[in-house]
Each structure stands twice: as C-alpha cells, then as structure tokens.
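Undergrad: One structure, pasted below without further comment.
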Amino acid sequence: MSETFSVWQARFETLRSNKIFESVVIAIIVVSALMIGAKTYDEASRFERWLVYLDVAVTVFFLVELLIRMAAERNLISFFKKGWNIFDFLIVTASLIPMDDSEMVLLARLLRIFRVLRLVSMIPELRLLLVALVKSIPRMGYVALLMFIIFYIYAAVGSFIFHSVDEQLWGNIALAMLTLFQVATFESWATAVLYPTMEHFPYAWIYFLTFIFLNAFIFLNMMIGIVLDVMQKESALIDLESGEGEAAEMQGLRSDVKALREQLDRMEAALAQSGSLPPVNSQPTDTPKTD
C-alpha cells in the first residue's frame, strides 16, 4: 500500500514541477481574469449560462490542481508550512462558495476576483516583487512619516500666507494638504495652483519648487531605493538557497558514487577470492621462455 502511494506521490510531484502543467495553470488563471472582466459588460448577459459553466470548470480545475500539489508533498503538514500554499488554499476554498444564493452572489464574485492573484504565487519573479514590497513597508513607513511632517509644515505655511488667494485651496490646513497633494502628483498644479498664487505673491514659486524638490526628487527616490535594496537582498538570498540546494545535491551524488565504488571493490575482492576473477593488481606468474 505504501509502495503504491509512493509511486503516485512521485507521479504527482513530477506533474507539479512540469513546465507545461504550470503554463496550463497560468493560462487558466488568465482565462479566469478575462471572465471577471467580461461579466462587467452588458453584452455578456447573452452568454450568462456559458459563463457560469466556464466558471464552474475553472473552479473545478483549480481544486484539482490544488489537490495534486497537496498529494505531491511527502507530508501534508509541510504543504501548509509555505505561505504561498496557504494563500492558494484560501483563494481556491473561497472560490467554492456557491453563486446560486442571491445573498452570496456579491461575496462570491468578489472572492473570485482574487483568483487573479494566483499569478503571483505561480510566477517566481512576481513573488520576489511582492515579498520585496511587503518587506519594504516598515522602512517605507518612516519615509512616509517624514513626508507627512514636510506636508504638514508646508500646509501650515501655505494656509497662513495664501489663504487670501483661494479659500477652497488654502482655507485651512486640511485643504492646504489636499492642495499640496495635487501639487506633488503634478495634476494641473501649475495652472490651477501656481499661477493664481503668483498673481498675488510673485515669489510663491520658491515655496512650490522647494516642496516639489523635497517630495518628487528626494522622498520618491528614497522609496525606490528602499524597494531596490530589499529586492537585491531577496534575490541574493534566493541565489544562496539555490546554491546550497545544488551543493547538497552534488554532495549526495558524490556519496552515492563513493558507495557504488565501495560495493564494486567488495564484489571484485569476493570474486578474486573465489578464483573467478584474477586480482586487479596481480602480475602473470608464467614468463615466456627465451632461447
């Protein structure tokens, strides 16, 4: 029984690591994403029944694919030790919520949207980007805090100086911060904010240019630098882990070759003792006679 299970487990493991199978899974995820987008059009109502059938087929495929990955593990507990496996398990389980009940239709559709995120778990490069982004958040938080302080100071100064220009833009510190956010995103900031302000305060450009310099050129580059630094460390860690895996595999091969050589030496020694095989280092005892 255990031998049969080991055979099937090895087959599932081979199927899971097959590149064609991975490509099929990625293609089904893309199809699922296109289905979600198609349902937002009114024309899709004509194909409502076919979309439902296709949604059921995609859900069943995801369930089978998840079961194959679980069966490929030597221990089921080890499957849930990986965060991406738990992520896929939750998404697939949420997709099993039926859409027949009118009260659950909206929830089921919202949960099916998250099936697109399975692309992240299937593509290693996307996993690297997401992990780097998540690990960058604590360090980016301090940069965001410093940005908020600069926003607050500039908003207070702007509300004190420019409140007579436009009450809707500089009436209080909250409105001033919203105005500065518009300036930081470069959304019509010159025509809507800068030029009307310079009509009353000709040197107001110093205020705006220093603010843009701090936010667009310094803080934004600091954010990018943090993400790139974390990505570089994660990439180096992945290379190190893969190198250790290859080293362990080579060490295992060397051990197998050494054991095989020892076994061959013992076989040769046993055959030599039985007389069936002459010793390897033995020299012929009879020499040809010379006249």
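The values are calculated or read from the model by the stated rules, or taken from the named source; none is laboratory data. What you see is a predicted model, and the numbers here were worked out from it, not measured in a lab. Quick reminder, even Gly has a Cβ in these numbers, built from the backbone with ideal geometry, and neighbours come from all protein chains shown. Note: accessible area is taken over every heavy atom of the protein model, side chains too, but ligands, DNA and RNA are not part of it. Shrake-Rupley method; radii C 1.70, N 1.55, O 1.52, S 1.80 Å.
Undergrad: By accessible area of protein heavy atoms, probe 1.4 Å, what ranking do H163, H200 get, highest first?
TA: Numbers: H163 80, H200 110 Å².
If we order H163, H200 from most to least accessible, we get H200, H163.
Undergrad: Continuing with the same structure: Just to be sure I understand the model, the point goes 7 Å from the Cα along the line to the Cβ. What's the resulting R46 to N172 distance in nm?
TA: Going from the R46 label point to the N172 one covers 5.4 nm.
Undergrad: Could I have the simple spin-label model distance between V257 and V64, label points 7 Å from Cα toward Cβ, reported in nm to one decimal?
TA: In this crude spin-label approximation the distance works out to 4.3 nm.
Undergrad: Something else now. Test of understanding: what is the full-extension gain from F21 to R109, defined as 0.36 nm times their sequence separation minus their Cα-Cα distance? Show your work: numbers first, answer last.
TA: On the way: separation 88, 0.36 × 88 = 31.68 nm, distance 2.64 nm.
Fully extending the segment from F21 to R109 adds 29.0 nm.
Undergrad: Quickly work out the L264-to-L209 label distance, labels modelled 7 Å from Cα along the C-beta direction, and quote it in nm with one decimal.
TA: 7.9 nm
Undergrad: Just flag the chymotrypsin sites (Phe, Trp or Tyr not before Pro) in region 1-83 sitting in loop per DSSP whose Cβ has no more than 14 other Cβ atoms within 10 Å.
TA: Values: sites: F5, W8, F12, F21, Y41, F47, W50, Y53, F61, F62, F79, F80; in loops: Y41, F80.
Here the sparse-neighbourhood loop sites are Y41, F80.
Undergrad: How about K82: which lysines have a C-alpha closer than 22 Å to its C-alpha, ignoring those fewer than 8 places off in the same chain?
TA: K19, K135, K233
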